[in-house]
Amino acid sequence: MTLEMASRPTAEGDRAGGATRQLAEFLAALRIEDLPPQTIEAAKMFVLDVIGCALGAMRTDEVHIAAEVVRELGGTTECTAIGLGFRTSCSNAAYLNGISAHVIELDDTHRYSITHVGAPVIPAAMAMAEREGASGATFLAAVVAGYEACLRVANAVQPSHWRRGFLSMGTCGTFGAAAASGHVLGFDADTLSDALGLSGIQAAGLNSSIYGEGDMGKRLCPGHAAGTGVVSALLARRGFTGSRRILEQRKGFCESFADQYDVERICADLGKVWEITRTSLKPYSCCRYNHAAIDGLLDIMSAESLTAPRIAGVTVRTYDIAVTNRPHRTRPLTLFDAKMSIPFSLAVAAHKRAVGEHEFTADLIDAPALQDFARRVRVEADAAMSAAFPREWPAEVCVTLHDGRSFQRHVPHPKGEPEAPMSRAEIEAKFRDLAKVAIDDAAADRVVVAAWTLEKHGDLAQLLDPIAAASRS
């Protein structure tokens, strides 16, 4: 027997106007016609970027292992495993694609809430849209809904949430994935509230990998969130109930996951401020905390025609979380560990003059020249920058040469922020550079065209079929 959209009696408290209810009502009513043009363009941009990040990760151990496990688990062959040449169940596809989207540390970042958001949200929206045969317009609106849910919840609990050791892409990402999935399924506010409640119960994501020995665990966070959001929506669709006040209730999400939080931030300026337009792209294949310092170093080296051997030392002043948040090893234990280190990331930038996925490679970890350069990088916390975090993620870089001269740069917003955006040409170049790991140039061209015209498509075939065909060849 098939059950669809089973209902339960609506308690008076469900309609009392709490944060969960207000958010659910807003997102359930959302349509692409309601969205400003720049919001729709942002959704297209992040869809293209997440697919590129996933394709760029096809050679990584993390993706190979996760794909092997998903293949072993089996399931209905209904959704695309990006770049891997096979199909799997909706939840498995969301899970696997969420992992792939984050592995190479190039996925988008929302600085206000300290969140990688595309990796949990877009794979969930994509899997559900492919399963249901939803239009490109519905998919784009679902992506926006997912970003709103994830980032508004994260806004409410950050930075306390981070300081307690949680990764919001895993925890808050579950709400975004559920909201995106529920939007594709056409949920009303009651059913979407259930989906949010079910996803919140399963919210998870520790930041322990950054403080450890460079293990792979962090990569699971967006995958878990994406898969959990999909399953939560499918359960809610059949009548499985969840807490409809999950965000604000006693022992609910905010109280349980943060020492300080502001529930009112969840619904502040709904429909006026679109969080997806406050999200940034990453040009460098390393932790976003490193990017402002990289911008400063590369700018100095370019302006002064410097080479790495001429540099005697580098001092980076930035916000305290970027300084105390990880070991910053000059002799990294793994590639992940290297990408978390400001000193080693600057060493890559100085020697390679670029920090893309194809420059920041595992063979560099044991390179004596890079380790030596990294040892000459000092990272310090700045009180004013720390007070501005997370509204701003700045850095000040001072480069001292062996001849005694020094040069400084203050970078208020790293490249890729809305205040310092990447151009469309740069966005497409990033995608093509990553995509060539898994698909040919012709397929990449078709994906680019499909992404920028998604609202005109009746389904996601034009976006995903070129990837599937090229991945099988």
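Computed from the coordinates by the stated procedures, all read-outs in this text should not be read as laboratory data. Computed from a predicted structure; not experimentally measured. Because the Cβ atoms are built from the backbone with ideal geometry, glycine has one as well, and the counts that use them run over all protein chains shown.
Couple of notes before you dig in:
- Net charge of neighbours whose Cβ lies under 9 Å from the Cβ of Asp49, counting Lys and Arg as +1 and Asp and Glu as -1: 0
- Fully extending the segment from Ile201 to Glu68, taken as 0.36 nm per residue of separation minus the present Cα-Cα distance, adds 45.1 nm.
- Legend: calculated FRET efficiency, Thr453 to Asp188, from the Cβ-Cβ distance at R0 = 25 Å, rounded to 0.05, equals 0.25.
- Put in order of Cβ neighbour count within 10 Å, fewest first, the listed residues Glu213, Glu25 become Glu213, Glu25.
- Angle between the chain longest axis and helix 189-201 axis [Cα atoms, degrees, rounded to 10]: 50
- Cross-link partners of Lys218 among lysines (Cα-Cα below 30 Å; sequence separation of 8 or more within a chain): Lys44, Lys251, Lys282, Lys339, Lys352, Lys415, Lys430, Lys436
- Student exercise, the chain dipole from Lys, Arg, Asp, Glu Cβ charges, in Debye to nearest 20: 620
- Distance from the C-alpha centroid of segment 455-471 to that of segment 389-432: 34 Å, rounded to the whole angstrom.
- Sequence-separation-based contact order of segment 264-354, relative, with Cα cut under 8 Å and 6+ spacing, percent: 34
- Within-11-Å neighbourhood charge of Glu264 [Cβ basis; K, R +1; D, E -1]: -1
- Beta bridges per DSSP with both ends in the chain, % antiparallel, nearest 5: 80
- Within-13-Å neighbourhood charge of Ala225 [Cβ basis; K, R +1; D, E -1]: +1
- Nearest-ten-degree value, helix 424-435 long axis tilted from longest Cα axis of the chain: 90
- Computed label-point distance, nm, for sites Asp445 and Glu304 using a 7 Å Cα→Cβ extension: 4.4
- Two-site label geometry, Ala387 and Asp320: point separation in nm, points 7 Å out along Cα→Cβ: 1.3
- Folded to 0 to 90 degrees: helix 118-132 orientation relative to the chain principal axis, Cα: 40
- Inter-site label distance for Gln408 and Arg238 at 7 Å from Cα along Cβ, in nm: 6.3
- Over the chain: helical MRE at 222 nm, DSSP H runs n ≥ 4 each giving -39500 (n - 2.57), nearest 500: -15500 deg cm²/dmol
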